[in-house]
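After the structure tokens below, expect a handful of questions from me.
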Amino acid sequence: DTAVSQTPKYLVTQMGNDKSIKCEQNLGHDTMYWYKQDSKKFLKIMFSYNNKELIINETVPNRFSPKSPDKAHLNLHINSLELGDSAVYFCASSQNSAKEPLHFGNGTRLTVT
Amino acid sequence: GDSVTQMEGPVTLSEEAFLTINCTYTATGYPSLFWYVQYPGEGLQLLLKATKADDKGSNKGFEATYRKETTSFHLEKGSVQVSDSAVYFCALIKTNAGKSTFGDGTTLTVKP
């Protein structure tokens with residue numbers, strides 16, 4: 001199936017730990033994104049990569065570090081996790097066109113205890 | 001900066017009722033407009049889109065018309081079903097590989 005897939009689906013960890021979320025798309029898209037969705041369902045963009053180059057870097061703590069080894073993959077590493085990092089993190093991809101929509105993964109629910 | 005304002009939820013309707021979810025936007029230039037739907041436990045998926053003024057997007061009985069004069073893109077459906085219960089997001093994008101701007105989402109619950 002063509003899709004955006006991210007792993008893991010659930011991530012429960014303690015404060016202070018370091019964790020990673022992986023994302024892969026097989027849609028041939030040039031642009032990939034990380035979004036954070038809070039408990040009220042508000043969506044906030046965190047990062048965007050176009051052909052492995054960082055093009056959007058919103059006001060995100062530098063504990064969050066994205067890495068794009070190739071244009072089909074975009075991973076998110078989080079250091080020193082805090083309670084406020086608990087959220088659902090979505091990976092998305094799109095063609096390099098303002099007329100085309102985002103394609104989202106099914107999300108990673110991160111719970112920091 | 002660009003912004004999208006959606007009707008606040010939650011919205012609760014009976015099956016077969018008429019649905020309208022209002023969406024207005026503020027943006028310079030000529031953005032493309034989208035409605036996304038998020039079912040429980042899933043990611044957002046495209047519901048419909050319109051890329052220029054007066055375009056009408058439609059899918060699964062939902063419709064929305066890009067109105068530049070009122071900067072609006074209201075979502076409508078003539079007869080909702082229980083399976084339409086979800087969170088609906090209005091969004092815009094202006095540039096290639098640019099940032100999509102999302103509304104705050106509207107939660108719809110349809111009761112049998």
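Output the pairs from A:Lys40/B:Lys60; B:Lys56/B:Lys111; A:Lys71/A:Lys99; A:Lys40/B:Lys94 with a Cα-Cα distance over 23 Å in this structure; if there are none, say none. Working shown, then result.
Details: A:Lys40/B:Lys60 26 Å; B:Lys56/B:Lys111 28 Å; A:Lys71/A:Lys99 20 Å; A:Lys40/B:Lys94 26 Å.
Long pairs (Cα-Cα over 23 Å): A:Lys40/B:Lys60; B:Lys56/B:Lys111; A:Lys40/B:Lys94.
Given 0.36 nm per residue, what is the gain on full extension from A:Ala3 to A:Thr113 after removing their alpha carbon distance, in nm? Walk me through the numbers before you get to the answer.
Working: separation 110, 0.36 × 110 = 39.60 nm, distance 3.11 nm.
Here the answer is 36.5 nm.
Among the GluC sites (Glu not before Pro) in the range B:38-112, which ones are in a DSSP loop with at most 11 other Cβ atoms within 10 Å of the Cβ? Mind listing them? Mind dumping the intermediate values first?
On the way: sites: B:Glu42, B:Glu63, B:Glu69, B:Glu76; in loops: B:Glu42, B:Glu69.
Qualifying residues, ordered by number: B:Glu69.
At the nearest 100 Å², what buried accessible area, both sides summed, do you get for B and A when the probe is 1.4 Å? All intermediate terms of the calculation are to be shown ahead of the outcome.
Details: alone 6100 and 6600 Å², together 10840 Å².
Looking at B and A, the buried total is near 1900 Å².
Hey, another quick one. Rounded to whole Hz and in sequence order, give me ³J(HN,Hα) for the range B:44-55 from the Karplus expression 6.51 cos²θ - 1.76 cosθ + 1.60, θ = phi - 60°, writing x for Gly and Pro.
Calculated HN-Hα couplings, in order: 6, 9, 5, 9, 6, 8, 8, 10, 8, 4, 6, 5 Hz.
With r defined as the distance between the Cβ atoms of A:Asp70 and B:Ser83 and R0 fixed at 35 Å, what FRET efficiency is calculated, to the nearest 0.05? Display every interim value, and only then the final one.
Details: r = 38 Å, r/R0 = 1.08.
Given R0 = 35 Å and the Cβ-Cβ separation, E is 0.40.
Could you work out the relative contact order of chain B? I mean the mean sequence separation of Cα pairs under 8 Å and 6+ apart, divided by the number of residues, in percent. Intermediate results must be reported in sequence, preceding the final value.
Values: 289 pairs, mean separation 40.7, N = 112.
Relative contact order, chain B: 36 percent.
Report the trypsin sites (Lys or Arg not before Pro) located in the range B:55-96 that are in a DSSP loop and have at most 16 other Cβ atoms inside 10 Å of their Cβ, or state none. Could you put the intermediate results ahead of the total?
Values: sites: B:Lys56, B:Lys60, B:Arg67, B:Lys68, B:Lys77, B:Lys94; in loops: B:Lys60, B:Lys68, B:Lys94.
The qualifying sites are B:Lys60, B:Lys68, B:Lys94.
The values are calculated or read from the model by the stated rules, or taken from the named source; none is laboratory data. From a predicted model like this one, the values you see are computed outputs, not experimental measurements. Because the Cβ atoms are built from the backbone with ideal geometry, glycine has one as well, and the counts that use them run over all protein chains shown. Keep in mind that these areas ignore ligands, DNA and RNA; they rest on the heavy atoms of the full protein, side chains included. Shrake-Rupley method; radii C 1.70, N 1.55, O 1.52, S 1.80 Å.
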